[in-house]
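To start, the structure under review is shown below, and the notes come after it.
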Amino acid sequence: MDTSIVSKLLLFALLISSARALDPCASQADDSSLSILPIYSKCSPFSPPKQESLVNTLINMASKDPQRLKYLSSLQAQMTTSVPIAPGQQVLNIGNYVVRVKLGTPGQIMFMVLDTSNDAAWVPCSGCAGCSSTTFITNTSSTYGSLDCSVTQCTQARGFSCPATGTSSCLFNQSYGGDSSFSASLVQDSLRLANDVIPNFAFGCINSISGGSIPNQGLLGLGRGPLSLLSQSGSLYSGVFSYCLPSFKSYYFSGSLKLGPAGQPKTIRTTPLLRNPHRPSLYYVNLTGISVGRVRVPIAQELLTFNPNTGAGTIIDSGTVITRFVEPIYASIRDEFRKQVKGPFSSLGAFDTCFAATNEAVAPAIKLHFTGLNLVLPMENSLIHSSAGSLACLSMAAAPKNVNSVLNVIANLQQQNLRILFDVPNSRLGIARELCN
């Protein structure tokens, strides 16, 4: 080949490589690793509320937490085919992190909300009434197919609607917290995640919505139910995944979702994953205590103990913004924190322990004690700052009083810049420090 042509090809390849290196939004697919994007980051297609500071955006996101906790507390196992696909109180406008996937053949890019406490996946489809402008166009995919009431997946979709005799498409309807609802058909198509393809992946194809609480480009459930990504991918991922959530401040950067045993940390501290048969989607862990600085705060053991019958205990959740403890636990943490920092204290949105940022140097670390490991939260996971920077606030709160919750929820703000490993077959959850940005 002519040397000038070779030189031009090499130069072209170098330019492409440089452009990708300089562009944080260029595809970073690597085997079974996906980029995780804060929903309002540069690489996400979603625009943040105009003229709003980061802290105000975070406060607004955290204001949806009570609805999220109401959903998590109401999750029940499917006992009969008449149970809805998810509880009617579920509110899914809490899309804090999204992943870029491709659906269909050829692949259509969708930015789907990542949710560890949900099983099914669903997307808005072409012709959907009330959906956003970005929909999955079914008639251009050569691998798309509808699912009827005779297939096993239909009976696994909670709240499916089928006639007593004969066959028809598998349909379901869902309402959301009184202000949103959708109707969908259960369908299947190829799902591409980084370099992996999952053929015949079953998901909900939304036909119509009302209200504004539904993620614009759908949801990818990472729970443990039969329609979840883990179950449908089978031996491809062997029930193992991990993620590293970037800070909400990471406008130009992304975290990662690693699927399957390959590429996971070789050495990582772990704690047992617990399974509640009444709430099988949720990832429970055994939280045994909490320390503020060097003081282990007094907590009645029954407020921490895992109880499958009542749903009590502690879960790891990707969809809640700030960690929420049942009120007596949070009060013990807050009171000890205030004792060590000293005041005066004020409130800012959901945060009731804000103080002058000049006192931040004396703020104690929060340590979470789990069976088998202790997690010391870095200060960036424990404090949030006002837009002017003059205030620092303890970035956790009590479970809302209007929610009949016995759950403690370790939320995504406290998980940022940590590698969280979910090893379902071995019933263990791992945590390691990692710079996700």
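Mind listing which trypsin sites (Lys or Arg not before Pro) in the range 318-427 are in a DSSP loop and have 13 or fewer other Cβ atoms within 10 Å?
On the way: sites: R324, R334, R338, K339, K342, K367, K401, R419; in loops: K342, K401.
Of the trypsin sites (Lys or Arg not before Pro), the ones in loops of the range 318-427 whose Cβ has at most 13 other Cβ atoms within 10 Å are K342, K401.
Net charge within 13 Å of I384 by Cβ-Cβ distance, Lys/Arg positive one each and Asp/Glu negative one each, not counting I384 itself?
On the way: positive: K249; negative: D352, E360, E380.
Net of charged neighbours comes to -2.
Assuming R0 = 35 Å, can you tell me the calculated FRET efficiency for the pair S168 and S235, based on Cβ-Cβ distance, to the nearest 0.05?
Details: r = 33 Å, r/R0 = 0.93.
Once the sixth-power term is evaluated, E becomes 0.60.
Considering only C-alpha atoms, what is the centroid distance from the range 234-304 to the range 56-70, in Å?
A separation of 21 Å, based on Cα centres.
Relative contact order, percent, of the range 326-421 when contacts are C-alpha pairs under 8 Å separated by at least 6 residues?
Numbers: 109 pairs, mean separation 26.9, N = 96.
Computed over the range 326-421, the figure is 28 percent.
Using 7 Å Cα-to-Cβ label points, what is the S387/A331 separation (nm, one decimal)?
Distance between label points: 3.4 nm.
Quick one: check the C-alpha center-to-center distance for the range 191-215 versus the range 114-160, whole angstrom.
Using only Cα atoms, the two centres lie 5 Å from each other.
Taking H placed 1.01 Å from N in the peptide plane, check which residues at least 5 places from A312 or on another chain put their amide H under 5 Å from its amide H.
Counting only residues 5 or more places away or on other chains, the set is N307.
Report the local net charge at S405: Lys and Arg +1, Asp and Glu -1, summed over other residues whose C-beta lies under 13 Å from its C-beta.
+2
For a quick check: with amide H placed at 1.01 Å from N, whose amide H comes under 5 Å from T116's, ignoring anything fewer than 5 positions away on the same chain?
Here the answer is L222, S318, G319, since their amide H atoms fall under 5 Å of that of T116.
Share of Cα-Cα pairs in the range 345-437 beyond 16 Å, in percent?
Details: 2703 of 4278 pairs.
Tail of P(r) above 16 Å: 63 percent of Cα pairs.
Using a 1.4 Å probe and ignoring any ligands, DNA or RNA, find the accessible area of H385 and quote it in Å² to the nearest 10.
Here the residue's solvent-accessible area equals roughly 70 Å².
Taking a quarter of the surface of the Cα convex hull of the range 299-380, what do you get in nm²?
6.7 nm²
At 0.36 nm per residue, and after removing the present C-alpha to C-alpha distance, how many nm does the segment from S132 to I109 gain when stretched out fully? Don't skip to the answer; put the middle values down first.
On the way: separation 23, 0.36 × 23 = 8.28 nm, distance 1.44 nm.
Length gained between S132 and I109: 6.8 nm.
Protein chains only, probe 1.4 Å: how do K266, K249 rank by accessible area, largest first? Working shown, then result.
Numbers: K266 190, K249 145 Å².
Listed by decreasing accessible area, they come as K266, K249.
Between the range 318-356 and the range 373-413, how far is it from one alpha carbon centroid to the other, in angstrom?
Centre-to-centre (Cα) distance: 7 Å.
Can you quote the Å³ per residue value for the convex hull of the Cα atoms in the range 224-290, rounded to an integer? Working shown, then result.
Details: hull volume 10.7 nm³, N = 67.
Roughly 160 Å³ of hull volume per residue.
Work out, in µm²/s and without decimals, the Stokes-Einstein translational diffusion coefficient of the range 177-276 at 4 °C, 1.567 mPa s, Rh from Kirkwood over C-alpha pairs.
Working: Rh = 16.4 Å.
The calculation lands on 79 µm²/s.
Long-range amide H contacts for R269: which residues qualify at under 5 Å (H placed 1.01 Å from N, peptide plane, sequence gap of 5 or more or a different chain)?
I431
Just from the alpha-carbon atoms, what are the Rg and Dmax of the range 259-315 in angstroms?
Here Rg and the maximum Cα pair distance are 14.7, 41 Å.
Tally Lys and Arg at +1 and Asp and Glu at -1 over the other residues with C-beta under 11 Å from the C-beta of L219: what net charge comes out?
-2
The values are calculated or read from the model by the stated rules, or taken from the named source; none is laboratory data. Treat the numbers as computed from the prediction; the structure is a model and nothing was measured. Note: ideal-geometry Cβ built from the backbone for every residue, glycine included; neighbour counts use all protein chains shown. Remember, those area values only see protein heavy atoms, side chains included, never the ligands or the DNA or RNA. Shrake-Rupley method; radii C 1.70, N 1.55, O 1.52, S 1.80 Å.
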